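The values are calculated or read from the model by the stated rules, or taken from the named source; none is laboratory data. None of the values given here were measured: they were computed from a predicted structure. So basically every Cβ, Gly included, is an ideal-geometry build from the backbone, and we count neighbours across all protein chains shown.
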Amino acid sequence: MNMQDFYFESADYSNYDGSDLFESNYFAQGGNEAALQNVVEPLDRTLTFRVTNAGPTNPAVAILFDGNVSPLVQPAGVTVTVAETGGGAGSHDQVRVETLGNPFVIQGLRYFVGNAQQFGNAFTIQKRFPTGSLRQYLWQPTNYVSPTNLNPLVIDAIDFGLVVDGRTQIQVPVDFTGAPNVLTLVFTLKAKTSNAHMLFGKNPKELALAPRLVGNPVADIALTRSANRSLDSGS
């Protein structure tokens, strides 16, 4: 099978249910991702951080990313792991090393806490440059707390946008109330780089074309159909 045949077959699979070109109920991987270069698969779009403060510091500030610092030392009692890279010791370091050569773009954050008071702790986002300059921002989770949310222990910040490279650090204050406090942060990737593409003369950027779903079935159907129409029209 040559590559042209592969593209045609992938397009057929993507249209297996007879509806929109890029909508598929047949494969978890859509035909678009199978056929085209530089497209991030929908199954490969999250980074799930598990941050634990086992005490005694209250609050303790966990550090996410910061690939330029080696070794990265967390405050006493704080551990940070990443599910997609094994979830054990060193799983965060794998992500941090990746940011040095292959930066990526985050667009969206789901934030799960054990106590709603945790939302009152603002994140500090820093970017430090070789010249010594420092850019710093505060991000306030309470801006996303809504009385219409039936689960008071989770927020969904769809507009949380950040370019993550080796100079990027996110500081997350984690409360300790006498028992280990566990937070879960699920970042959605919008774009990432793969420098291996340059070996073949291709753009190293990989872009996510699938919509960022919100977990509401009705809304997600509308988002998916809207994305499919955009792809069909070439926009």
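Quick look at the numbers
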| quantity | calculated |
| --- | --- |
| Single match in Thr148, Thr131, Thr79 (criterion: of a type in the set (Val, Ile, Thr) and at pLDDT 95 or above) | Thr79 |
| Count of the stretch 71-91 residues which are touching a residue at least 24 places away in the same chain (Cβ under 8 Å) and either over 18 Å from Asn53 (Cβ atoms) or hydrophobic (A, V, I, L, M, F, W, C) (or both) | 6 |
| The stretch 56-88, subset small (Gly, Ala, Ser) and surrounded by fewer than 16 Cβ atoms within 10 Å (Cβ to Cβ), residue farthest from Gln171 (Cα to Cα) | Gly86 |
| Flag for Arg110 being assigned by TED's automatic domain parsing to the domain that holds Leu185, at pLDDT 95 or above, among the charged types (D, E, K, R) and within 22 Å of Thr142 (Cβ to Cβ) | yes |
